[in-house]
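Heads up: the structure comes next, in structure tokens.
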Amino acid sequence: MKRATVYLDEDLHKALKLKAIESDSSLSDIVNQAVRYTLGEDLDDLINIETRKTEGTLPYETFLKELKSRGQI
């Protein structure tokens, strides 16, 4: 494990300390979980972007016209 210095807003630090106490975890454990979760979401987003590259595009104006023709706007 590597050591890092992270600067947090006072309120975030207080919230993390309270969460750590209530969940019987360390601040480091909570931060590691949050970072893993965020990186996992990023990976999901990248995968979704890659799979949607072949989708066609629809111009904004065309989309608005379709909505209007269906009475949705």
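Loop-resident trypsin sites (Lys or Arg not before Pro) (DSSP state other than H, G, I, E or B) in the range 31-73 with no more than 12 further Cβ atoms inside 10 Å of their Cβ: K53, R70. Scan the range 9-69 for GluC sites (Glu not before Pro) in coil per DSSP, keeping those whose Cβ has at most 12 other Cβ atoms within 10 Å, and list them by number. Hits after loop and neighbour filter: E55. Roughly how tilted is helix 10-23, in degrees to the nearest 10 and between 0 and 90, from the longest Cα axis of the chain? So the inclination is approximately 70 degrees.
For the chain, the Kirkwood hydrodynamic radius from C-alpha pairs, put into Stokes-Einstein at 10 °C and a viscosity of 1.306 mPa s, yields a diffusion coefficient of 95 µm² per second. Between the Cα long axis of helix 27-52 and the first principal axis of the chain there is an angle of about 20°, rounded to the nearest 10. In degrees, nearest 10, range 0 to 90: what is the angle between the Cα axis of helix 60-69 and the longest Cα principal axis of the chain? Taking Cα atoms only, the helix is inclined about 70 degrees. Restriction of the chymotrypsin sites (Phe, Trp or Tyr not before Pro) in the chain to DSSP coil positions whose beta-carbon has at most 10 other beta-carbons within 10 angstrom yields Y7.
Any read-out appearing in this document is the output of simple, stated calculations on the displayed coordinates, not a laboratory observation. Everything numeric here is computed off the predicted structure, so don't read it as measured data. As a convention, Cβ positions derive from the backbone with ideal geometry for all residues, glycine included, and neighbour counts pool all protein chains shown.
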